[in-house]
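Have a look at the structure below, then the notes.
The values are calculated or read from the model by the stated rules, or taken from the named source; none is laboratory data. Just so it is clear, the model here is predicted, and its values are computed rather than measured. FYI the Cβ positions are ideal-geometry reconstructions off the backbone, even for glycines, and counts take in every protein chain you see.
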Amino acid sequence: MAVEETIKLPKTILMYPMTLVSQAAAIVMRFQQNVAELVIKGDATLEYVFPPKDEQPEWATFDEDLPDDESSAADVGTLDGEPRAEGRFALYTSADATGPSDSWARSAAKPAKKSVSAPEVVEELDYDQLTLAQLRARLQTLDLDELEALLAYEEATKGRAPFQTLLANRITRATAK
């Protein structure tokens, strides 16, 4: 029996450091669990002694807190009475957007400056319904005359700056080729 234990000793000695490390890790984890339980019990006790207040800070305002006249302005996408028709909102909305979620887009659309007969390319592309991203995707298929017609139509009707810039830049690139 002592001979067998002596033969196993080199393997056992190699396993001792790993055994000690795993036992130390188990002790540390058990300690962490005990501390976490104490923290949870302490939080529950503090909540019982000092119940939390459901107060809203005075600087925080929510849509349901606004009077009806202000909340309707927030619903249609205006800020200080000015519509958000340009900038990042113009990229994914069209002026004649339909559907309840696009009510702010309809209110933000600029009225037409004057009645202009639409060029053929406007009707082919259904230009008035296109968002900026959709127009950008279709620009590669248009020739210079169609681009100029779209730019003139945009300037004469809605005058949306992002659309005008996109068309003008595409015309510049087309004439440079």
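Go through segment 1-36 and report how many residues are under 51 Å from the mean Cα position of the chain (by Cα) and among the charged types (D, E, K, R).
Final tally of qualifying residues: 1.
For segment 113-155, which positions are more than 33 Å from the chain's Cα centre (by Cα) and among the hydrophobic types (A, V, I, L, M, F, W, C)?
Matches in segment 113-155: V116, A118, V121, L144, A149, A152.
Among the residues of segment 105-149 satisfying the criterion of being modelled with pLDDT under 85 and either in contact with a His (Cβ under 7 Å, 6 or more places away or on another chain) or among the hydroxyl-bearing types (S, T, Y) (or both), which is nearest to T175 (Cα to Cα)?
If we take residues in segment 105-149 being modelled with pLDDT under 85 and either in contact with a His (Cβ under 7 Å, 6 or more places away or on another chain) or among the hydroxyl-bearing types (S, T, Y) (or both), then S117 is nearest to T175 (Cα to Cα).
Do we find that A161 is under 30 Å from D63 (Cβ atoms), at pLDDT 55 or above and among the aliphatic types (A, V, I, L, M) in this structure?
When the stated conditions are applied, A161 passes them.
Would you confirm whether any residue within segment 86-104 is modelled with pLDDT under 90, in contact with a Ser or Thr (Cβ under 6 Å, 6 or more places away or on another chain) and not assigned by TED's automatic domain parsing to the domain that holds R136?
Taking every residue of segment 86-104 in turn, none turns out to be modelled with pLDDT under 90, in contact with a Ser or Thr (Cβ under 6 Å, 6 or more places away or on another chain) and not assigned by TED's automatic domain parsing to the domain that holds R136.
Of all residues in segment 124-177 being of a type outside the set (A, V, I, L, M) and outside any helix (DSSP H, G or I), which is surrounded by the fewest Cβ atoms within 10 Å (Cβ to Cβ)?
So, considering only residues that are of a type outside the set (A, V, I, L, M) and outside any helix (DSSP H, G or I), the one surrounded by the fewest Cβ atoms within 10 Å (Cβ to Cβ) is K177.
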